[in-house]
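Scroll down for the structure; my scribbles are underneath it.
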Amino acid sequence: MKIRTAALAAAAVLVLSTGTAAATTWWSPRPTEVKPFLPAGATNPAIADGVALGKLVATYTASGLGPAAANPAAPADSPERYVDFPGGALPPGVTITEAQALNVLKRIKANLAAAGLGLGDVVSMRAYLERPPGAAEADFAGWNRAYRQFFANVDLATGKPVPVPLGTAPPAPPMEVNAARPARVTLEIANLPVAGWLVEVEVVAAYKH
């Protein structure tokens with residue numbers, strides 16, 4: 001019986017020790033901390049694996065924004081209506097989704113500025129894409145090119161901007177230098193709420209100071 005009791009006591013100590021060790025590895029953000037978790041070893045990832053916010057970090061949630069009507073020469077309710085390149089002419093290789101996404105991201109920048117925030121404060125993003133007329137699927141590649149013009153375009157190892165392509169043009173300095181990598185999801189949906197929209201985006205930004 002003494003041997004059995006000793007063995008049980010030793011097992012209890014082992015369990016308690018294991019639990020204590022596990023507890024020491026537990027982590028949570030400091031109250032005012034904003035911490036993105038990035039893929040290990042990547043110096044230029046497009047998005048974060050996730051972003052942790054301390055309990056005292058205030059956030060701002062922008063409503064979903066689509067592109068502004070910027071091309072009055074195009075038919076009403078057409079995707080081309082929401083292209084804001086001069087005269088509605090797309091640069092070489094720029095898709096209609098890419099053009100609309102650039103329009104949307106400019107609107108998001110203005111929306112954030114009105115709330116005292118910037119693109120670098122964005123911690124999460126949801127993007128909704130509709131298929132262009134006649135296409136088999138949503139244009140994820142065009143969306144991603146536009147996204148890199150405004151987000152995730154600074155090398156984390158060197159701190160230098162990373163050239164990004166616009167359409168099929170050679171990579172060039174981004175429109176908005178921004179190291180932020182928000183947590184992000186991109187979804188294809190059947191219909192956006194405004195006829196002609198191919199892109200709608202909502203973001204959450206953090207007041208970091």
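The figures follow:
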item: Cleavage-rule hits, GluC sites (Glu not before Pro), region 58-144, DSSP coil, Cβ neighbours within 10 Å at most 12; result: Glu137
item: Mean shadow area of region 28-207 over all directions, Cα convex hull, nm²; result: 11.1
item: Built amide H within the under 5 Å cut-off of Val123, gap 5+; result: Val204, Ala205, Ala206
item: Helical contribution to [θ] at 222 nm, DSSP H n ≥ 4, -39,500 (n - 2.57), averaged over the chain, rounded to 500; result: -8500 deg cm²/dmol
item: Within region 192-209: backbone nitrogen closer than 12 Å to the Ala58 label point (7 Å, Cα to C-beta); result: 206-209
item: In Hz, Karplus ³J(HN,Hα) per residue of region 189-202 (6.51, -1.76, 1.60; θ = phi - 60°; x = Gly, Pro); result: 10, 6, 8, 8, x, 10, 4, x, 5, 10, 9, 9, 9, 10
item: Selected from Trp197, Trp27, Trp143 as most flexible by GNM, with the chain as the system and alpha-carbon contacts under 10 Å; result: Trp27
item: Region 28-207 - share of DSSP beta bridges that are antiparallel (%, nearest 5); result: 75
item: Given charges at beta-carbon only (K, R positive; D, E negative), |dipole| of the chain in Debye; result: 1040
item: Rough spin-label spacing in nm, given labels placed 7 Å along Cα→Cβ, for Phe85 and Ala195; result: 2.5
item: Note, ³J(HN,Hα) from phi for region 143-156, Karplus 6.51, -1.76, 1.60, rounded to Hz, x at Gly and Pro; result: 4, 5, 5, 5, 4, 5, 5, 10, 9, 6, 10, 10, 5, 6
item: In Hz, Karplus ³J(HN,Hα) per residue of region 127-138 (6.51, -1.76, 1.60; θ = phi - 60°; x = Gly, Pro); result: 10, 10, 10, 10, 5, x, x, x, 7, 7, 7, 5
item: Rg over Rh [alpha-carbon atoms, Kirkwood Rh] for region 112-209; result: 1.00
item: Residues of region 134-178 with amide N under 15 Å of the 7 Å Cα→Cβ point at Ala42; result: 144-145, 147-148, 151-157
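Any read-out appearing in this document is the output of simple, stated calculations on the displayed coordinates, not a laboratory observation. Just so you know, these numbers come straight off a predicted model, no measurement behind them. Neighbour counts run over all protein chains shown; Cβ positions are idealised from the backbone, glycine included.
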